[in-house]
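The values are calculated or read from the model by the stated rules, or taken from the named source; none is laboratory data. Being a predicted model, the structure only gives us computed values, none of them experimental. For neighbour counting, all protein chains shown are included, and Cβ atoms are generated from backbone atoms with ideal geometry for every residue, glycine included. Note: areas computed on protein heavy atoms with side chains; ligands, DNA, RNA excluded. Shrake-Rupley method; radii C 1.70, N 1.55, O 1.52, S 1.80 Å.
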Amino acid sequence: MIIVPEREIANLMTRDAAFDAVERVFAAMAAKDAYNFPVVREAIGHEDALYGFKGGFDQSGMTLGLKAGGYWPNNLATRNEINHQSTIFLFDPDTGKASAMVGGNLLTALRTAAASSVSIKHLAPRNAKVLGMIGAGHQSTFQMRAAVEQRDFEKVIGWNYHPEMLSRLADLAQELGLPFEAVELNQLGEEADVIISITSAFSPSLMDAHVKGGTHIACMGTDTKGKQEVDAALVARATVFTDEVAQAISIGECQHAIAAGAITPTDVAELGAVINGAIAGRSSDEEVTLFDGTGVGLQDLAVASSVVDLAVAQGVAIDVDF
Ligand code: NAD
């Protein structure tokens, strides 16, 4: 069995490799060559922790396994460990034997950023110039770095519920050589050609009336029942794509528009089908497209499998007899 510890991931995994892995597995899901298992997520009644499993099988990539982990809210304050903890386990699909154990913390951020980046590649207006960021937490910088690789952005504008955190976006924009402006949501919705929303909100920030003209919106924060980042009316107005329809309508941004009766599951298409060329993506410059990125187990397995290959190739994989 190969072990790739968390400390090695930053030296091994690249944004390009994460992008390719995620794009490939979205395509495999839409072609029905890969499927996700039902998600398990439990409050374990200890340390206020939420723990669970996301797994799946990709027959085209021969990747089988699961990500185990969750959220331990007291970690940072009491143990100086990060609150989100996850580990990815891969198994040999021919035998069921465990084949790899891979640190999943950094990979989670990279695969989540890769998902919105894949959506921008396939759905954003060609000549997008202004990137709008909603959210300035841990995930936000990964999102911005991956997004700017997809279009020739000339400017980043941002809004955050806690404005004091916006310096994080400003600092990264400066590092990337882009001007940054902190704006109100109406200006963000009017000026941005691409909007990434990555917050832990339980009520909408971006409203339907805020968004003007052709725009692509990647909603990346809503991954649990009850969370919400954008107005259900905006979801209803947009042409909606997702990683997995079942998750979008139950734990993703679409859950609210579905509950309101504003859309039906058939209004939500898989991004993988656009990647495969089975359906059209954006149909005009004026369209509002929305990607509901809920985060699926197969994304984790795809990037873990890439990192195992990279670790073996670079001689840093720990091989144990198991
Ligand atoms: P974080 O705790 O570092 O940051 C949280 C962000 O949400 C901050 O910008 C904060 O200001 C904002 N926020 C908090 N309360 C808000 C409110 N009431 N209204 C609007 N904004 C509010 O979190 P993070 O690690 O950056 O993760 C952000 C979200 O992304 C979380 O909901 C997390 O579960 C989700 N996530 C999704 C995926 C996926 O695959 N889709 C993967 C990883 C994380």
When the stretch 60-92 is examined, which residues are found to be closer than 20 Å to VAL320 by Cβ and either open to solvent by 40 Å² or more (accessible area, probe 1.4 Å) or free of Cβ contacts under 8 Å to residues at least 12 places away in the same chain (or both)? LEU64, LEU66, THR87, PHE89, PHE91, ASP92
Please tell me if ALA209 is of a type in the set (Gly, Ala, Ser), open to solvent by 10 Å² or more (accessible area, probe 1.4 Å), more than 16 Å from the ligand (Cβ to nearest atom) and in a helix (DSSP H, G or I). yes
Which one is surrounded by the fewest Cβ atoms within 10 Å (Cβ to Cβ), of the residues in the stretch 118-150 that are in a loop (DSSP other than H, G, I, E, B) and of a type in the set (S, T, N, Q)? ASN127
Those residues of the stretch 162-194 which are under 20 Å from GLY213 (Cα atoms), assigned to a helix (DSSP H, G or I) and aliphatic (A, V, I, L, M) amount to LEU185, LEU188
Candidate set from the stretch 212-228 (those that are open to solvent by less than 10 Å² (accessible area, probe 1.4 Å) and in a strand (DSSP E or B)); member that is nearest to ALA248 (Cα to Cα): CYS219
When THR108 is run through (1) open to solvent by less than 50 Å² (accessible area, probe 1.4 Å); (2) assigned to a loop (DSSP other than H, G, I, E, B), the failure sits at (2)
Could you check how many residues of the stretch 247-260 are surrounded by fewer than 23 Cβ atoms within 10 Å (Cβ to Cβ), in contact (Cβ under 8 Å) with a residue 40 or more places away in the chain and either among the hydrophobic types (A, V, I, L, M, F, W, C) or in a loop (DSSP other than H, G, I, E, B) (or both)? 1
